[in-house]
Amino acid sequence: MSVSVRRAPAPGGSVEGRPTVLVIAGSDSSGGAGLARDLRTLFDLGARGLCAVTAVTAQSDRRITSVHHVPPALVRAQIEAAFETRAPDAIKIGMLGTRATVEAVAEALSAHATIPIVLDPVLAATSGGTLLDADGREALKITLLPRAALVTPNAPEAGVLLGEAPATDERALAAQAQRLLARGARAVLLKGGHAVGDEAVDWLALPGHAVERLAAPRLEAAQRGSGCALASAIAVQLGSGASLVEACRRAKAYVLKQLRSVAAEHVREH
């Protein structure tokens, strides 16, 4: 199965074969997730990065202590300035924080409907703490979820978007991915990192196709920001012209390589 999300190259986008990706996300003071992880992923994969900061967070691997939401008008101004600098080949959206920011982002991107968007619906931090309020979640489902080329929730996020309990096994994950399609998503990669088993299985649901199972060994070295890295890596691949299926496979391989590197480093240190 090969489903393509391709478009005509935008003037000023790809440079010397390198795709340009606009990342719209919050900062993480620990550097483990959010914008820092997104831009590091783009660098690793040879892509050029543009960014719009939606929130500034004070957080560690254990907790969030403070969040400052960037005014929506400034978020929109950042996006507009990014497009003036260089038209991106793909867009990755992470933390948005509030309904007003969701709506500002949707409005700012409304004139750029041909650019593929990877929407990572960041609803809560791994360390605890809400990162998108209830009104924002409803706005996300109405304005951005149907617009995105791909939505990449983890199991808890998919449960929230559907108003259901999080899936804990493969059959339930696949079913929820299909139900998100029925709710208006154009394509869904439901991440199974929170499930159990020897493999970390993600489920790719596309209209008119059977749900595709993407599996990798489950590693003990869990790492914050893996979801950010996965979504950003998919955006890089889409910006390079890859099909959705191939983009997800390549991105998953990249994240697995990073996790193995962290696991090896942990072994050396102990």
#### Entry: Every residue from region 95-130 that is closer than 17 Å to LEU74 by Cβ and in contact with an Asp or Glu (Cβ under 8 Å, 6 or more places away or on another chain)
GLY97, THR98, ARG99, ALA108
### Task
With the checklist (1) in contact (Cβ under 8 Å) with a residue 60 or more places away in the chain; (2) under 24 Å from LEU238 (Cα atoms); (3) of a type in the set (A, V, I, L, M, F, W, C); (4) not in a loop (DSSP other than H, G, I, E, B) in hand, flag the one item MET95 doesn't pass.
(4)
### Query
For region 131-166, what are the residues that are among the acidic types (Asp, Glu) and modelled with pLDDT of 95 or more?
ASP135, GLU138
### Query
Does VAL102 satisfy the criteria of being of a type outside the set (Lys, Arg), part of a helix (DSSP H, G or I) and crowded, with 19+ Cβ neighbours inside 10 Å?
yes
### Meets criteria (closer than 23 Å to GLY225 by Cβ and either over 18 Å from the mean Cα position of the chain (by Cα) or among the aromatic types (Phe, Trp, Tyr) (or both)) for ALA167
yes
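Each row is one residue, and each column tells you yes or no for (1) acidic (Asp, Glu); (2) crowded, with 20+ Cβ neighbours inside 10 Å.
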residue: ASP61; (1), (2): yes, no
residue: PRO72; (1), (2): no, yes
residue: ILE91; (1), (2): no, yes
residue: ALA106; (1), (2): no, no
residue: LEU109; (1), (2): no, yes
residue: ALA113; (1), (2): no, no
#### Entry: Selected residue [part of a helix (DSSP H, G or I) and modelled with pLDDT under 90] from ALA235, ALA263, ALA174
ALA263
## Note on the structure
Scanning region 74-86 residue by residue, the ones that are over 16 Å from GLY97 (Cβ atoms), surrounded by 12 or more Cβ atoms within 10 Å (Cβ to Cβ) and of a type in the set (A, V, I, L, M) total 2
## Note on the structure
Given the conditions (1) in a loop (DSSP other than H, G, I, E, B); (2) among the basic types (Lys, Arg); (3) modelled with pLDDT of 90 or more, every one holds for ARG224 apart from (3)
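Do you know which residues across region 236-256 are among the β-branched types (Val, Ile, Thr) and closer than 21 Å to PRO207 by Cα?
Correct list: VAL245 only.
Quick check on my filter: what residues within region 212-221 are at pLDDT 90 or above and among the basic types (Lys, Arg)?
ARG213
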#### Entry: Among the candidates LEU190, LEU144, residue that is more than 22 Å from PRO217 (Cα to Cα) and buried (at least 17 other Cβ atoms within 10 Å of the Cβ)
LEU144
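This table checks each residue for (1) within 26 Å of ARG179 (Cβ to Cβ); (2) touching a strand residue (DSSP E or B) at 6+ places or on another chain (Cβ under 8 Å); (3) in contact (Cβ under 8 Å) with a residue 40 or more places away in the chain.
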position	(1), (2), (3)
GLU84	no, no, no
ARG99	yes, no, yes
PRO121	yes, yes, yes
LEU140	yes, yes, yes
#### Entry: Residue tally, condition outside any loop (DSSP other than H, G, I, E, B), touching a residue at least 40 places away in the same chain (Cβ under 8 Å) and more than 13 Å from TYR254 (Cα to Cα), over region 40-49
0
### Message
Being under 29 Å from PRO166 (Cα atoms) and modelled with pLDDT of 95 or more: is that true of GLU84 here?
### Response
no
### Message
Quick check on region 56-67. Is at least one of its residues within 20 Å of the chain's Cα centre (by Cα), at pLDDT 95 or above and of a type in the set (D, E, K, R)?
### Response
no
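The values are calculated or read from the model by the stated rules, or taken from the named source; none is laboratory data. All values reported here derive from a predicted model rather than from experimental measurement. Glycine gets a Cβ as well: all are built from the backbone with ideal geometry, and neighbour counts include every protein chain shown.
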